[in-house]
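**Student:** Encoded as structure tokens, here's the structure I'll be asking about.
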Number of protein chains: 2
Amino acid sequence: MNPVLEYLAQHHERFVRDLGDYVRFPSISAQPQHKPDLQACATWLAERCRQLGLDTELCPTPGHPVVLARTPRQPGSQRPHFVVYGHYDVQPPEPFELWTSPPFEPRLSGSSLFARGASDNKGQHLAHLNAVEAYLHTGTELPCDLTFVIEGEEEVGSPNLAGFLEARRTELRCHHVVISDTGMPARDLPALTYGLRGIVAVELKLTGPSRDLHSGIFGGTVDNPALALCQVLAQLRDRRGRVNIPGFYDDVVSLSPYERRQLARLPYQERAYTKFLGVPQLAGEAGYTAWEQRSARPTVEINGLTSGYQGEGSKTIIPAWASAKLTFRLVPNQKPRPIARCVQRHLRKLCPPTVRADIHIGHGGEPYLLDPRSPAARAALRALAKAFDREPVLLREGGSIPIVTEFQRILGAETLLLGLALPDDNAHSPNEKFDLDNYAAGMRLGAALWPELAAIA
Amino acid sequence: MNPVLEYLAQHHERFVRDLGDYVRFPSISAQPQHKPDLQACATWLAERCRQLGLDTELCPTPGHPVVLARTPRQPGSQRPHFVVYGHYDVQPPEPFELWTSPPFEPRLSGSSLFARGASDNKGQHLAHLNAVEAYLHTGTELPCDLTFVIEGEEEVGSPNLAGFLEARRTELRCHHVVISDTGMPARDLPALTYGLRGIVAVELKLTGPSRDLHSGIFGGTVDNPALALCQVLAQLRDRRGRVNIPGFYDDVVSLSPYERRQLARLPYQERAYTKFLGVPQLAGEAGYTAWEQRSARPTVEINGLTSGYQGEGSKTIIPAWASAKLTFRLVPNQKPRPIARCVQRHLRKLCPPTVRADIHIGHGGEPYLLDPRSPAARAALRALAKAFDREPVLLREGGSIPIVTEFQRILGAETLLLGLALPDDNAHSPNEKFDLDNYAAGMRLGAALWPELAAIA
């Protein structure tokens, strides 16, 4: 047996105790009163990094500090360099009454450790740190240089991460970024998340009369802005569930047969999924599976509608205006700005001359795609297979992870998303837990990943 | 000259002073603190009725009292009987700062008397009372019996009027009800309002998932209830501006060529109307004039839309539900219940199986139509012509006047709507005024009307 894996197996109980210590810090970045707890948590983590042999800095930012920890470097090292990202801050635990045990008192039950932050994300990056400890304490040479960047503001949108990366751009230049902060589709189904959807937000407001009008006195002679809005928005999706805007699909990269075969391996039960969402019937773009629809195909959604009278009973008005908040989920290679322009152009065309249209383009985020047949992706898949002793799956996520595009923009590096969370880990919910089998598998992943990645770098 | 008209001309200044006294009462039915003012106002009015020679009762109701005043009856009178309706309560005067002079201190300026309630409705029914005074004080025989019903709760929906009419049903049995509480389309253009639109309110709520869903994680596999709502509502009106619901027009009585000719006489300037409403362009059912569209054709309006996130910025959700408040304006002979059923049936048909539809039928009101060529209508038109010395027009109103249908339901009598308000009288707005020329014309109308109506009763 390889000494690194042997070390990890031997020290498993201590690693679980370490995680228990780590999750005791109520490092809730969204709540200002917890600022000292974030500082204490970062200090604990930095000390832990130093103990295992990393050159560690506690780097202040305008918000909570970043823990920066490097494996010892040989002078003038030409070895491949990888950055491991994680975050020590956690979601607020409220509502407390739904927790079976206090959120910041770790509780072991079966193969799970229950605590806020256990899965998202303390357990996941601690697994990587433990793997490095095993390398260093067994005298096994790491085939690469590693830098851990563990921030304290992920749950509030990482407002200071980009600035930090810009400031440290030279020393953080690397071959790849590795993040374990996503999920696995099921127990024993390790996954490489190779694609993320992007997003662009658009707000449309239609204004008709200069004030709400009496619908009896004037109704019949003016357009109703709420009805006009419905007639515009109704046209944005066709009967096959496609976004009905000219040019919208121009830059969409089709799923390859290989990707579709891989996505088809993901577990899916229509009845259970329908019940979980509580919908009477699923709906989506014709010709695609649910996994494809929710992660690899673009969408249009109305996030909110506002018009006229919304209280009890009725008010017989023609409302002066009506508005809708829209978001479009984007897939590679759609870009937020060109898509926003094509949405805007089409909305202007659809709006009738009987109302005035105001269109506001909101935030945007680019989609992300790592070639799933690239050497790095294959290396990550081999490491996953070794760590879990299972054939890993390829996964796309339907949401965005803005830091991934930040790493690409600032460091020019692609990210390997190797999540360890299970679907029932209750991230962001009461009774969050982390599976200790996955904790151990995460450590074995750390052990296997660096030789695989270094070999292809 | 006829002694009644002579009397009215001679006493004009005193009648103006009377109106000034009457409007000093802040008889604001919507504001509980004004209850004593309503009582005082009703007492003043009852006293005024007694002075001019009417048998007067101040009738308590669960709300504000009704003033009931009868012309002296000959024992066993077989003369025709008419009811004159009015209301002594007024709209709240707020916002005070927009009034040029205090709302309850009458101010004469040019031919106008400014005060809250001057036009709506104190001046209008006082004109009728003055005409009766002229009959009685000149010893001119009235050709009919009259009963004035002046209530104090019109501006709050007349909650106790139906009960009062039911209780007095026998003594109030009459040939026609006369109400001067509507408007004239322009100065010197007296009008008989012979039609009103009805209404039915419907609320539609579409529910999809059991809670708001993350649009990244789940978007693409479930319908968006807000978009589904838009796609349903968009179909309710066609490109020609017609309500697009099977059966909706089945009971609509077409405008006769006579009516269309009459409505075409009404003043209308498209540019001024467009500017007044503040819309970029008018819109309405193809093939009808604006006057026809707003008073004699049915409509569908969305009064309010509610779904998802409505605050600042964006929230990337698929909302769990979306709802709309709708009202349909009805024209003779559409009935609220059958129309509600046909709307409900069609909405159910339009709603896709991917959402659950809840449809709530709200309040309804029947449309009203008096045959404009009936003897009573012709008699009223003759009286208007005499009083104003102008050819009167026939008018329909686009709104509803629920008491009109109540009079029909409870007393079995049709109502003649002979409004004296001008479009710029600012009813319900700051700086309400009543035109004193119209006040005088209203008295002459009262003088001319009873012989005309009695002759055809």
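**Student:** Ignore the peptide's own chain and count Cβ atoms of other chains within 10 Å of each Cβ in B:310-321; give me the average, rounded.
**Tutor:** 5
**Student:** For peptide B:207-215, how many partner chain Cβ atoms fall within 10 Å of a residue's Cβ, on average?
**Tutor:** 5
**Student:** Compute the FRET efficiency between B:D21 and B:T140 as 1/(1 + (r/R0)^6), taking r as their Cβ-Cβ distance and R0 = 22 Å, and round to the nearest 0.05.
**Tutor:** My answer for the efficiency is 0.30.
**Student:** Using the number of other C-beta atoms within 10 angstrom as an exposure proxy, rank A:Y439, A:Y288 with the fewest first.
**Tutor:** Fewest to most other Cβ atoms nearby, the residues stand as A:Y288, A:Y439.
**Student:** Go ahead and run the numbers for FRET between B:T61 and B:R240, Cβ-Cβ distance against an R0 of 30 Å, rounding to 0.05.
**Tutor:** Computed FRET efficiency for B:T61 and B:R240 comes out at 0.05.
**Student:** Then there is this: Along the Cα-to-Cβ line of A:D358, 7 Å from the Cα, sits a label point; which residues in the range A:186-210 have backbone N less than 17 Å from it?
**Tutor:** Residues passing the 17 Å test: A:202-210.
**Student:** Taking amide H positions as placed in the peptide plane 1.01 Å from N, state which residues far from A:W321 in sequence (5 or more) or on other chains have amide H under 5 Å from it.
**Tutor:** The list, which skips near neighbours in sequence, is A:G208, A:G308.
**Student:** Now a separate question. Let a ≥ b ≥ c be the square roots of the eigenvalues of the Cα gyration tensor of chain A; is it rounded (a/c under 1.5), or, if not, prolate (a/b larger than b/c) or oblate?
**Tutor:** prolate
**Student:** Which is farthest toward the positive dipole end of the range B:64-161 among B:I150, B:S112, B:A69, measuring Cα position about the Cα centre, with Cβ charges +1 (Lys, Arg) and -1 (Asp, Glu)?
**Tutor:** Working it through, the farthest residue towards the positive pole turns out to be B:A69.
**Student:** What residues qualify as long-range amide H neighbours of B:V178, i.e. H under 5 Å apart, gap of 5 or more or another chain, H built at 1.01 Å from N?
**Tutor:** Those qualifying (amide H under 5 Å, at least 5 residues apart or on another chain) are B:V83, B:V84, B:Y85, B:L416.
**Student:** A further question on this structure: If you count, for each residue, the other Cβ atoms within 10 Å and average over each peptide, how do B:231-242, A:424-435, A:256-267 line up from highest to lowest?
**Tutor:** So the order, starting with the most tightly packed, is A:424-435, B:231-242, A:256-267.
**Student:** So which aspartates and glutamates can A:K433 reach, going by Cα to Cα under 12 Å and dropping same-chain residues fewer than 8 places off?
**Tutor:** Within the straight-line cut-off, A:K433 pairs with A:E105, A:D120, A:D424, A:D425.
**Student:** Could you derive backbone 3J(HN,Hα) for the range B:264-278 from the dihedral phi with the Karplus parameters 6.51, -1.76 and 1.60 (θ = phi - 60°), listing whole Hz in sequence and x where the residue is Gly or Pro?
**Tutor:** Result, ordered by residue: 5, 7, 6, x, 7, 10, 4, 5, 5, 5, 4, 5, 4, 7, x Hz.
**Student:** For helix B:375-388, report the angle its Cα long axis makes with the longest principal axis of the Cα atoms of chain B; keep it between 0 and 90° and round to the nearest 10°.
**Tutor:** 70 degrees
**Student:** Now for a different question. Can you give the FRET efficiency for B:E166 and B:S429, using 1/(1 + (r/R0)^6), R0 = 41 Å, r = Cβ-Cβ distance, to the nearest 0.05?
**Tutor:** 0.75
**Student:** If you find the alpha carbon centre of the range A:1-60 and of the range B:219-293, how far apart are they in angstrom?
**Tutor:** 67 Å
**Student:** A further question on this structure: Where does helix B:436-456 land angle-wise versus the long Cα axis of chain B, in degrees 0 to 90, nearest 10?
**Tutor:** With rounding to tens, the tilt is 80 degrees.
**Student:** Using label points projected 7 Å from each Cα along Cα→Cβ, tell me how many nm separate A:R337 and A:E312, to one decimal.
**Tutor:** Placing both labels 7 Å beyond Cα along the Cβ direction yields 5.2 nm.
**Student:** Which Cys residues of chain A have no other Cys Cβ less than 4.7 Å away and so no disulfide-compatible partner by this rule?
**Tutor:** A:C41, A:C49, A:C59, A:C144, A:C174, A:C342, A:C351, each lacking another Cys Cβ under 4.7 Å.
**Student:** In whole Hz and in residue order, list the ³J(HN,Hα) couplings for the range B:213-222 that follow from phi through the Karplus curve 6.51 cos²θ - 1.76 cosθ + 1.60, θ = phi - 60°; x for Gly and Pro.
**Tutor:** In residue order, the calculated couplings are 10, 5, 6, x, 6, 10, x, x, 10, 10 Hz.
**Student:** Within 10 Å, count the other beta carbons around each residue, average over each peptide in B:193-204, A:47-58, B:211-222, A:69-80, and list them highest first.
**Tutor:** B:193-204, B:211-222, A:47-58, A:69-80
**Student:** Then there's this: Can you work out ³J(HN,Hα) from phi for every residue in the range A:30-45, in order, using Karplus 6.51 cos²θ - 1.76 cosθ + 1.60 and θ = phi - 60°, giving whole Hz and x for Gly and Pro?
**Tutor:** 6, 10, x, 5, 9, 3, x, 5, 5, 4, 5, 5, 5, 5, 4, 5
**Student:** Can you list the lysines whose alpha carbon is less than 26 Å from that of B:K325, not counting same-chain residues fewer than 8 positions off?
**Tutor:** Excluding near neighbours in sequence, the set is A:K205, A:K315, A:K325, B:K205, B:K315, B:K335, B:K349.
**Student:** What ranking of B:D437, A:D89, B:D223, B:D250 emerges when the number of other C-beta atoms within 10 Å of each C-beta is taken as an exposure proxy, fewest first?
**Tutor:** Listed from fewest to most nearby Cβ atoms, that is B:D250, B:D437, B:D223, A:D89.
**Student:** For peptide B:274-287, how many partner chain Cβ atoms fall within 10 Å of a residue's Cβ, on average?
**Tutor:** Mean number of neighbouring Cβ atoms from other chains: 6.
**Student:** So, how do all the Cα-to-Cα distances of the range A:346-400 break down into 5 Å bins, in percent, from 0 on up?
**Tutor:** 4, 13, 14, 12, 11, 8, 7, 7, 6, 7, 6, 3, 1
**Student:** Give the separation of the Cα centroids, the range B:79-122 to the range B:383-441, in Å.
**Tutor:** Between the Cα centre of the range B:79-122 and that of the range B:383-441, the gap is 14 Å.
**Student:** Can you give the % of DSSP beta bridges in the protein assembly as shown that are antiparallel, to the nearest 5?
**Tutor:** Percent antiparallel among DSSP bridges in the protein assembly as shown is about 70.
**Student:** Restrict the search to the range A:42-118; then list the chymotrypsin sites (Phe, Trp or Tyr not before Pro) that DSSP places in a loop and that have at most 11 other Cβ atoms within 10 Å of their Cβ.
**Tutor:** Of the chymotrypsin sites (Phe, Trp or Tyr not before Pro), not one in the loops of the range A:42-118 has a Cβ with at most 11 other Cβ atoms within 10 Å.
**Student:** If you place +1 on the Cβ of every Lys and Arg, -1 on the Cβ of every Asp and Glu, and leave all else neutral, what size is the dipole of chain A about its Cα centre, to the nearest 20 Debye?
**Tutor:** 1580 debye
**Student:** With everything on Cα atoms, drop me the angle between helix B:336-350 and the longest principal axis of chain B, reported from 0 to 90° to the nearest 10.
**Tutor:** Tilt of helix B:336-350: around 10 degrees.
**Student:** When ranked by the protection proxy of mean other Cβ atoms within 10 Å per residue, highest first, what sequence do the peptides B:374-382, B:412-420, B:13-21 form?
**Tutor:** Most protected by this proxy first, the peptides run B:412-420, B:374-382, B:13-21.
Just so you know, all these numbers are worked out from the coordinates, no wet-lab data involved. Fair warning: this is a prediction, and the values are worked out from it, not measured in the lab. Heads up, the Cβs are rebuilt from the backbone with ideal geometry, glycines too, and the neighbour counts pull from every protein chain shown.
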